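Working notes for the structure below.
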Amino acid sequence: MRIVFASTRGAGHLTPLLPFVAAARAAGHDARIAGPAPLAAAAEGAGVPFWPVADPDADELEAVWSRVPSLPPAEQNAVVVGDLFARLHAAAALPRMRELCATWSPHVVVRDPNEYASAIAAELEGIAHARVGIGLAASEAQALGWAAGPVDALRGAAGLPGDPAAERLRASPWLTLFPAALEDPADAGQPDTRRFRDPAWELPAAELPDWWPDASGPLVYVTFGSVAGGMPMAGQVYRAALEAVGDLPARVLLTVGHGADLDAFAGAPPNVRVERWVPQQDVLRHAAAVVCHGGSGSTLGALAAGVPLVVLPLFADQPANAARVAAIGAGVAVPPDPAAIREGVRRVLADDGLRAGALRVSQALRGRPTVAAAIEQLEAAVARA
């Protein structure tokens, strides 16, 4: 089976697809990753060919991004999804996505839910497509509302029937690693929801280096993902986190990603080790608490390992993720200021109920089929078509 995995820019969009890419390769299928050029290195790391698509004009992007900081958070998200992902990025990517679907004839397209060009290209060629969840079902529903108009305009220009409410996108299978327990019970969910687990969550963990020869106590893992380190608010967030944990009786590992300046952390407290990147699974098996921004990778990784969270959301759907972590008793949500973070870490380390809440989610996840089952389901659907 030939499978296109399509993503827009950003590790937070491609990374959730990679367990499914690995499962497809393990099953002997022919996979390709399609997306903007900066994703090429990740595709190479995943061991699959890369199909580059165009980026929007830089001036057009700047015109949109320049509006974002002055908007309220909800409007920021609407502009990023509607104007950037669904309008500019989708329009720029569509010609190459159409070329890939027309010439390589994939059996199925599996897409980042904020990548819309591949869905249009697939429908034009009569190819089935599915989405991989990068957030909660309610967040996905909200994003579809913001994207519906721009995507419908692209559909019309391509000669497809109108879909002003994005019903065709909504009807596609929604493959997600998010546990049902984390979803809002008041939300209707996605129509064709299929939940899986990442087998990488269960791989043996390596021992960590002895980075704290003069410190003891529980390990607190602090990470703000792969994107925040290069963003304008990064310095303030990292300073707040370091001030919060510097006087705690704990060992602290802070990972800052490849966008941050390591020299800026030269004065980190003695109980804090700063690294660009450490395999998350190796850290989580030893951690007593995770401090993060509520991104999908860090949130799901911590819950899968049964580690309670201190979540200080920064942007996008992270406030929704933080609220649900707190609602199910698997952690706490705090603002990004030192006193609140410090109190959150102290509470998580002392409250056995929060650890029990995270462990309940971990046990529920272990009952889900692995992503290999998702590939089997797609293969069966193709065989029936």
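Between helix 318-327 and the chain there is an angle of about 60 degrees, using the helix long axis and the longest principal axis of the Cα atoms. Going from the fewest other Cβ atoms within 10 Å to the most, the residues V48, V81 appear in the order V48, V81. In this calculation the C-beta distance from A58 to D352 is compared with R0 = 41 Å, giving a FRET efficiency of 0.20.
Across the chain, Cα pairs under 8 Å and at least six residues apart give a relative contact order of 15 percent. Please name which of T255, A241, A188 has its Cα lying farthest along the dipole of the stretch 123-259 towards the positive end, using unit charges on Cβ (Lys, Arg +1; Asp, Glu -1) and the Cα centre as origin. Most positive-ward Cα: A188. Just going by the charge dipole of the chain, with Lys and Arg at +1 and Asp and Glu at -1 on Cβ, which of S105, P161, L84 is farthest out on the positive end? It is S105. On C-alpha positions alone, give me the angle between the axis of helix 137-158 and the longest principal axis of the chain, in degrees, nearest 10. Taking Cα atoms only, the helix is inclined about 30 degrees. In units of the compact-protein estimate 2.2 N^0.38 Å, the stretch 235-313 shows a Cα radius of gyration of 1.05.
Around the Cα centre of the chain, unit charges on the Cβ atoms of Lys, Arg, Asp and Glu (plus for the first two, minus for the last two) sum to a dipole of about 800 debye. The listed peptides 276-284, 69-77, 327-335, ordered by packing as a protection proxy, come out as 327-335, 276-284, 69-77 (highest mean of other Cβ atoms within 10 Å first). Here the sum of -39500 (n - 2.57) over DSSP H runs of 4 or more residues, divided by the residues of the chain, equals -12500 deg cm²/dmol at 222 nm, to the nearest 500. Over the chain, one equal point on each Cα, no solvent: what is log10 I(q)/I(0) by the Debye formula at q = 0.09, 0.12, 0.14 Å⁻¹? Log-scaled intensity ratios, in q order: -0.52, -0.93, -1.24.
Separation of the stretch 337-385 and the stretch 265-306 by C-alpha centroid, Å? What the calculation gives is 15 Å, centre to centre.
Overall form of the stretch 202-366: rounded. Here a/c, set by the Cα gyration tensor axes a ≥ b ≥ c, is under 1.5. Compute the long axis of helix 90-104 from its Cα atoms, compare it with the longest principal axis of the Cα atoms of the chain, and write down the angle in degrees, 0 to 90, nearest 10. Around 60 degrees separate the two axes. Starting from a Cα-only point model with no solvent, please compute log10 I(q)/I(0) by Debye for the stretch 149-262 at q = 0.13, 0.15, 0.18 1/Å. For the stretch 149-262, the Cα-only Debye profile gives -0.88, -0.98, -1.07. Summarising the amide proton neighbourhood of A34: residues at separation of 5 or more, or on other chains, whose placed amide H is nearer than 5 Å comprise F5, A6, S7, W51.
Only the coordinates and a few stated rules stand behind these numbers; no lab work does. Since the model is a prediction, treat every value here as computed from it, not as a measurement. So basically every Cβ, Gly included, is an ideal-geometry build from the backbone, and we count neighbours across all protein chains shown.
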